[in-house]
Amino acid sequence: MEDSVGLRQSNKARTRLSISDTATRLFIEHGFEHVTVAQIAEAARVSVKTVFNYFPSKEDLFFDRADEVRDVLLAALRDRPADLPMLESLRTVLADRLVPFDADGWRGLRNPERYEGFRSFIGAEYASPILQARRLAIMEEWGEQLGAVFAQELRDRRAAAVLAAMTVALLVLRERELAQAMLDRAGPRTVERRVRAVVDEGFERLARAFPDLDRR
């Protein structure tokens, strides 16, 4: 029974990845607005119903790993060592990694093929107002969840909401700095340096603005 369940889950994961990869390729090649879910289903050799079984909306096909990013950010706060400040834990994840869920850090960007693939992904997003709006909506949702974690520490929901809003603003700034550096075709180390500078500056100022954090 366990083997059967494991096989089903593995098959589902492969199907989801296949649909996502197919959709991403089509979005990059033709533009997000010019690709339909029916075209994605046909290219992935599944039904439209199957696509929607895995992804509630077309935008979710593009941001298919948003939940992973959110979970890593929340885990950085909740599961940090007792002596590590909350904001420092969050800063480390955002400064030391190209994307928060990638434990390889920035090394992948030094691979020319991966660099160009990531750059093309960013280019597809920045060519689509719908996708840019969706990213902001996703980050707003993250802000509510970050605020709930901050509130447990600060014991002040208003202060926690302010901190969460400022953290989300910094996440937006980081994403834009990363995107601009990639679209400028900056070298991998320059991209990393630019993103680190924004993240370090932002979290240094946040830490000074909330000295009562981590004093529970």
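Out of 36, 24, one residue alone is over 30 Å from residue 96 (Cα atoms), out of contact with any Cys (no Cβ under 6 Å at 6 or more places or on another chain) and not assigned by TED's automatic domain parsing to the domain that holds residue 127. It is 36. Kindly list the number of the only condition in (1) assigned by TED's automatic domain parsing to the domain that holds residue 188; (2) in a loop (DSSP other than H, G, I, E, B) that fails for residue 46. The number of the failed condition is (1).
Of all residues being within 10 Å of the chain's Cα centre (by Cα) and either among the hydrophobic types (A, V, I, L, M, F, W, C) or crowded, with 18+ Cβ neighbours inside 10 Å (or both) in segment 61-93, which is farthest from residue 167 (Cα to Cα)? Just the residue, please. Looking at residues that are within 10 Å of the chain's Cα centre (by Cα) and either among the hydrophobic types (A, V, I, L, M, F, W, C) or crowded, with 18+ Cβ neighbours inside 10 Å (or both), I get 64. Identification of helices (runs of 4 or more DSSP H) wholly contained in segment 123-216 with 1 or more residues that are in contact with a helix residue (DSSP H, G or I) (Cβ under 7 Å, 6 or more places away or on another chain) and within 20 Å of residue 106 (Cα to Cα) yields 157-183, 188-209. Just to check your reading of the model, which residue among 103, 38, 82 is in a helix (DSSP H, G or I), without any contact (Cβ under 8 Å) to a residue 40 or more places away in the chain and at negative phi? On inspection, the qualifying residue turns out to be 38. Whether any residue in segment 126-135 is touching a residue at least 24 places away in the same chain (Cβ under 8 Å), loosely packed, with under 14 Cβ neighbours inside 10 Å, outside the structural domain of residue 23 (by TED's automatic domain parsing) and under 30 Å from residue 25 (Cα atoms) is what I want to check. Yes: segment 126-135 contains one or more residues that are touching a residue at least 24 places away in the same chain (Cβ under 8 Å), loosely packed, with under 14 Cβ neighbours inside 10 Å, outside the structural domain of residue 23 (by TED's automatic domain parsing) and under 30 Å from residue 25 (Cα atoms). Counting only residues that are more than 25 Å from residue 123 (Cα to Cα) and either without any contact (Cβ under 8 Å) to a residue 12 or more places away in the chain or loosely packed, with under 12 Cβ neighbours inside 10 Å (or both), segment 174-208 holds 4 of them.
The values are calculated or read from the model by the stated rules, or taken from the named source; none is laboratory data. Keep in mind the model is a prediction, meaning the values are calculated, not measured. Counting neighbours? That spans all protein chains shown, and the Cβs are built from the backbone with ideal geometry, glycine included.
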